[in-house]
Every structure is written in structure tokens, then in C-alpha cells.
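A short write-up of the structure that comes next.
The values are calculated or read from the model by the stated rules, or taken from the named source; none is laboratory data. Treat the numbers as computed from the prediction; the structure is a model and nothing was measured. Neighbour counts run over all protein chains shown; Cβ positions are idealised from the backbone, glycine included. Each accessible area value is taken on the protein alone, full model and side chains, heavy atoms only, with ligands, DNA and RNA left out. Shrake-Rupley method; radii C 1.70, N 1.55, O 1.52, S 1.80 Å.
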Amino acid sequence: NWSGSLIVASLTGAFGSSFLYGYNLSVVNAPAVYIKKFYNETWERRYGFSVDESTLTLLWSITVSIFAIGGLVGAIIVTPIVKFFGRKCTLLLNNVFAVTAALLMSLSLLAGSFEMLILGRIIMGVDAGISLSALPMYLSEISPKEIRGSLGQVTAIFICIGVFTGQVLGLPEIFGQESRWPYLFGAIIVPSLIQAMILPFLPESPRYLLLEKHNTSKAEKAFQTFLGKDDVSQEVEEVLAESRVQRNTKLVLILQLLRTRAVRWQVITVVVTMGCYQLCGLNAIWYYTNNIFSEAGINHETIPYVTLSTGAVETLAAVFSGLVIERLGRRPLLIGGFGLMIVFFAVLTVSLTLQKTVHWLPYLSIFCILAIIASFCIGPGGIPFVLTGEFFQQSQRPAAFMIAGTVNWLSNFAVGLLFPFIQSGLQTYCFLVFAGICFAGATYLFFVLPETKNKTFHEISQAFAKRNKVSLEMQETNHYPGERKSSAEQESNFASSVDNGETKKGIV
């Protein structure tokens, strides 16, 4: 089932998209001291005096957190872009944001303008917001249902690889020096250019071509390329069956999706999983990592190298999840991941609270950190993106990813804003808050989430029909007021699309 074109499309798409998201999460950590010094020197050169500590802290906080604001903007604008340009072309056009951001950030030191670095961060956030919706959408639509979960996990795997790469390039021997930190941001251009050179030679999503562009001949060729076989009549017929159900509906808007009873629990489940994805406490773990390694007696100069173990564990766990997701299913990995995080958060709270009384407890804290990261990447780290692509039909998918992206980035911003206050008030007990969020998420998913492994989009939709309290017929048609045509007009339109030469014999 893994054709060469499918592998190239997934790797190229992820390298120029989710890889850059992960890379930009970690890339600011290593050069933080040098960037703050650059801010201070720029301020002093402009105004004749050094910047005060509170203003410097504010500037740095803005530099880090504005990435999430850009991501929110990208998530909001992605729906009309993927509708008009398509999934593949959206990923290609998104490279304009990445290259622009890379140039601004890498040239900020040379230009003596910290505003360029901040502007570059927000533009890079827009790139991430678009890619984290467009990429899972593209991967879910080009893959056979038998490997849809594994292919979807490529997004999470490359996020982890991006984080790890940012840690490696930030080492003092590479770009983690005062004179070299702009190269860390200039490196963003490389994945973007690679994607821009390879992706044009790959087809657009066949489901997009067939259901939204009504171009059956191109869709058939795209299926043949991605599936690596000549006879794709069964795959085309599956999509055409969906087309016959949905041909009376236009692209669904967000408010329409929220008001539609037939997908109510799908939307709620996406909101819960995406919210827990950001609020489960992994960002807090990164905040504590250096402090815990220091408490364990690790030399300050050695900590950056030891921190690489967190990135390595993250990547290995994500790869493991991709290998077993089609055997174990989405549901066990997602619920099990949150369950393991609860256990290790509880142990970490105890070890941090008592670590000054028992000499070996700091090493237990290190183990808990690595275990929490691995538990997150096994399930919660990538499966929410897979589920968002699986829960909704073609006309609903862009709006669904826009909702998922909005929740994702708002939750990301909320963690960055509120965690310092939570940590200040609760100290080491702050991890119990995240354990509670993981427990709430796991409980909800245990009672609500059906298994979607190896199921068609139609079968997944039917699995929610009873919970949504709609008949299977209504679940299939998903009525939207004011958008239905008469039955005669629908049949006429569909017949004309078959007779105009785009649909070949033997397919319908």
C-alpha cells in the first residue's frame, strides 16, 4: 500500500510543514541569552541607555509567544485558501511565509532591528497555522484507509524531528554562539526550498479533484500515482458514492458546521482532543527540564547535550506510534497515552516535592520527564490531527480543521500566558493540574470516541449517528438549509458530469 509517490508526498509535505513547526518551537531556546543581549544593545544604541529588566522580559515574552498568535491567524485563513487553491498548492504557497520569515529573522542582527525578529516570528506562526491544517488534510485524502493512521502520524513524527533538529543546531559547536545564532533562523529556508522543488511534481489530492473540482480524469491519475496501480475503479467509485450523497451541498462554513446536529459530537471530540493536546502539560515539562537536570547534579555546560535525550525520546515514540497505530488503533493509543501521563505526572510531583530529602529522587524526576514525553508522543501527540481528517466529509473538512486549529493555537497561547502564574502559586504541585486535564480527556474519550481504524469516512460518520440522535439517512445527507437543489436538478447535474467525458466507463 506504500507506493513511492505516497512516501515522497508525505515526507516532502511534512518536511516543509510540520517539521518547521517543531523546529520553531525549540529553536529560540539555545540562543535566548544572545538574543536578549542583542535586544539590549539595540535599545542602548537607539535611546542611549540600557533597557530595564522588565521591558527586556516583555520583549522576549512577545518574541516567544507571538508565534502562537501567528498560528491562530493561519488557522483562521486556511479554509478559503485550501478551497480555492487546493491542498497541495496551499502547502506550496505557504513556503512564501516561511522564506519571508527566515529572511527577516536571519537578517535582524545585521540590520540592527529586533522588530524584524518579532515580525518574522509572527509570519512563521502563520506558516505553522496553515500547514498544521493543510498537511493533515492532504495526507488523509491521498492515503488508502488501511494506512491512513500511519500516514497521518507522519505529521507528529516530523514535529518531533523538528524539535530535535532545533536542539542539535543550537549546540555551541554548531549555531549556538553569539555570532552564529541568525543562522538558526536562516536554516528555515532549506526545508521550504526542498518542498517547493519536489511537491509540484506530485498530484493534487484526488478527493479534492473529484469532489470539489469535478475533474474525474485528473482524480483517476492521482489515485493511480499514489496507490501505485492502474485499476483504481474501486477507489474512484467510493469517492463518487460520497459525491452522489454530497453533490447538493456547498463547502460548509464554520457556523453551519457548529449548528449541524449530524456532526455535533465529532466537533466536540475534536475540540476536546485538540484542547488536551496543548493543555496536557508538555510545555510545562520543557520549562522544568533544565532545572531538574541541574538538581540531578548534571553540569551546567553538559545540560544542552543531555536535553537532546528528550528530543530523541520524543522522535522514537512518535515513530513507534506510526508503526503500531494500524494494529492497535487510534482509541487505545490516545486513551493509553493520556493514562500514562497521569501516572508519571503524579510520580513527578512526589519526586520534585521530596527530591531534597532523598539523593536519588532527581534521577527519578528525569525518568518521569522522559516517560511523560514518550507517553504524549505515542498517542496525544499526533492522533488528534488524524481524527480531524477522519471525522468529517469532504465539504466539512476545511471548516473542521479551522476549528481544530483555532482551539489548538488558543490553548497554546493560554498555556504560555497562564503557566507562570500556576507554577508560582502551586510550585511543584502544578503538575497535578495537568494530570487532572489528562484524566478529564481520557475519561471523555473512553465513553465517546469510536475506533476509526480501517474504516471509510462513511462508516465513521455512521458510528456517530446514534450519539448525534439522527437517523443514518440524515447522517449521510447532512442537510444545510438554503443550499439544497431540487432532486430533478441534482440528477440532471450529476448526469451531465458523467456524460461530459470526464467520467470513464467502468468507473461508474
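A few notes on this one:
- To the nearest 10, the accessible area of residue 330 is 0 Å² with a 1.4 Å probe.
- Pairwise Cα distances in region 249-480 exceed 21 Å for 59 percent of all pairs.
- In region 399-478, the inverse of the mean reciprocal separation of distinct Cα atoms equals 15.9 Å; this is its Kirkwood hydrodynamic radius.
- Net charge contributed by nearby residues that have their C-beta within less than 11 Å of residue 224 (K/R +1, D/E -1): -1
- Structure-based [θ]222 nm, the chain - -39500 (n - 2.57) summed over DSSP H runs of at least 4, per residue, nearest 500: -24500 deg cm²/dmol
- Residue-count net charge about residue 326 - beta-carbon cut-off 14 Å; Lys, Arg +1, Asp, Glu -1: +4
- When you restrict to C-alpha pairs under 8 Å that are six or more residues apart and normalise by the size of the chain, the relative contact order lands at 23 percent.
- Nearest-20 debye value, region 249-480 charge dipole, Cβ charges on Lys, Arg, Asp, Glu: 780
- Calculated SAXS-style log₁₀ I(q)/I(0) at q = 0.17, 0.19, 0.22, 0.27 Å⁻¹ - region 364-426, Debye, Cα scatterers: -0.81, -0.91, -1.00, -1.07
- Computed over neighbours whose Cβ is under 14 Å from that of residue 87, the net charge equals +3, Lys and Arg +1, Asp and Glu -1.
- Using Cβ point charges alone (K and R +1, D and E -1), the dipole size of the chain about the Cα centre works out to roughly 840 debye.
- Taken as entire DSSP H runs, the helices of the chain that both span 30 Å or more between Cα atoms along their own long axis and average -0.5 or more on the Kyte-Doolittle scale are 53-85, 114-142, 148-169, 303-328, 330-354, 397-426.
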